[in-house]
1. For the stretch 139-238, what is the charge dipole size about the Cα centre, in debye to the nearest 20, if Lys and Arg each add +1 at the Cβ and Asp and Glu each add -1 at the Cβ?
2. Could you state the angle between the C-alpha long axis of helix 191-200 and the longest principal axis of the C-alpha atoms of the chain, as a value from 0 to 90 degrees rounded to the nearest 10?
3. Kindly identify the chain as rounded, prolate or oblate by the Cα gyration tensor criterion: order the square roots of the eigenvalues as a ≥ b ≥ c, call it rounded if a/c is under 1.5, otherwise compare a/b with b/c, prolate if a/b is larger, else oblate.
4. Could you work out how far helix 295-305 tilts from the main Cα principal axis of the chain, as a 0 to 90 degree angle to the nearest 10?
5. Specify which residue in the list SER102, ALA165, ALA240 is farthest towards the positive end of the charge dipole of the chain, using unit charges on the beta carbon of Lys, Arg (+1) and Asp, Glu (-1), about the Cα centre.
6. Please sort by residue number the trypsin sites (Lys or Arg not before Pro) in the stretch 274-309 whose DSSP state is loop and whose Cβ has at most 13 other Cβ atoms within 10 Å.
7. Over 21 Å between Cα atoms, which of LYS230/LYS291; LYS147/LYS227; LYS81/LYS177; LYS227/LYS291; LYS3/LYS127 qualify?
8. Rounded to the nearest 500, what is the 222 nm mean residue ellipticity of the chain from helices alone, with -39500 (n - 2.57) per DSSP H run of 4+ residues and division by all residues?
Amino acid sequence: MTKKTIGIVGARGHTGAELIRLIAGHPDLELAFVSSRELAGQRLADHNDAYRGDLSFGNLDPAAVAATGVDAVVLALPNGKAAPYVEAIDKAGAPTVIVDLSADYRFDERWYYGLPELYRDRWRGEKRISNPGCYATAVQVSIAPVKDLLAAPPVSFGVSGYSGAGTTPSDRNDPEKLRDNLMPYSLTGHMHEKEASRHLGLPVEFMPHVAPHFRGLTVTTNLYLAKQAKREDIVRRFEARYEKEPMIHVVDEAPWVSQIANRHHMDVGGFAMSTDGRRVVVVATLDNLLKGAATQAMQNVNRALGFAELTAIPL
């Protein structure tokens with residue numbers, strides 16, 4: 001069988017590097033180009049130990065990306081940068097699949113919102129896929145099974161490793177400023193708050209923080225219930241919702257972020273119930289660079305190109 005081709009725009013970042021690792025292990029995908037302004041001309045194999053070929057980084061503008069005619073393009077760019085590439089590929093008229101890792105199309109009805117475990121039934125074979133945010137993935141997975149039981153907006157407290165702040169220098173990815181520290185930011189109106197609220201169809205309140213570790217995030221969500229419930233009933237709902245989803249592990253204890261680094265699935269558990277049975281606290285952890293970004297993108301690429309969803313994803 002001829003391999004399908006894929007290219008990455010914005011391949012220098014943390015997520016791009018993880019995606020290259022996944023593609024390198026994919027039996028039916030071939031990396032056709034990697035575009036990075038900063039690394040143009042340098043050999044990919046010198047920057048990523050998973051890749052064995054002769055490919056070098058290029059600096060491809062939107063027209064050049066569209067002209068490659070690849071089967072799929074992953075846009076791993078900062079927010080607000082995707083549109084010129086999408087327009088150029090649309091104009092070229094090729095049946096190229098685009099998976100966008102930014103927030104640019106997460107609110108666009110014409111794009112499929114690619115969180116397969118929750119919105120599999122909305123899939124209509126789209127070729128434009130918006131990859132969910134890392135926090136938004138954890139928040140939605142924590143709430144969806146009990147969405148119909150809620151008496152008030154869920155409140156989520158999030159803590160992420162500093163890789164989530166990307167590679168452009170800032171306070172939020174400066175190890176010295178983060179040492180022995182926890183840095184709150186965007187405590188109302190965070191992009192992932194809006195995203196989770198939109199796709200769940202209910203208001204979510206979300207407060208993110210950055211911690212000194214590099215990768216992995218944890219979200220602790222407070223859920224007020226309209227009627228009294230038992231812990232085992234809540235656990236059963238989560239188990240029933242995710243029993244056929246190998247990428248979501250329902251665990252009894254509250255999961256630790258240290259146990260999820262470099263893992264491709266996510267854990268959700270804790271289910272601490274108040275004595276009156278009207279409030280439950282759920283904890284979800286995932287690796288923000290994997291299930292929060294590159295692994296989820298691989299799931300979406302696989303589905304869009306007709307491969308089994310978990311091809312090349314180590315479980």
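Read-outs: derived from the displayed coordinates by stated rules, not from any lab. Not measured: the values here are computed from a predicted model. Here Cβ is always computed from backbone atoms with ideal geometry, including for glycine, and neighbour counts include all displayed protein chains.
1. That gives the stretch 139-238 a dipole magnitude of about 360 debye.
2. Computed tilt is about 70 degrees.
3. Prolate, since a/c reaches 1.5 and a/b exceeds b/c.
4. With both axes taken from Cα atoms, the answer is about 60 degrees.
5. Farthest along the dipole direction, towards plus: ALA240.
6. Values: sites: ARG278, ARG279, LYS291, ARG303; in loops: ARG278.
Answer in residue order: no site qualifies.
7. Violating the 21 Å Cα-Cα cut-off are LYS230/LYS291; LYS81/LYS177; LYS227/LYS291.
8. -7000 deg cm²/dmol
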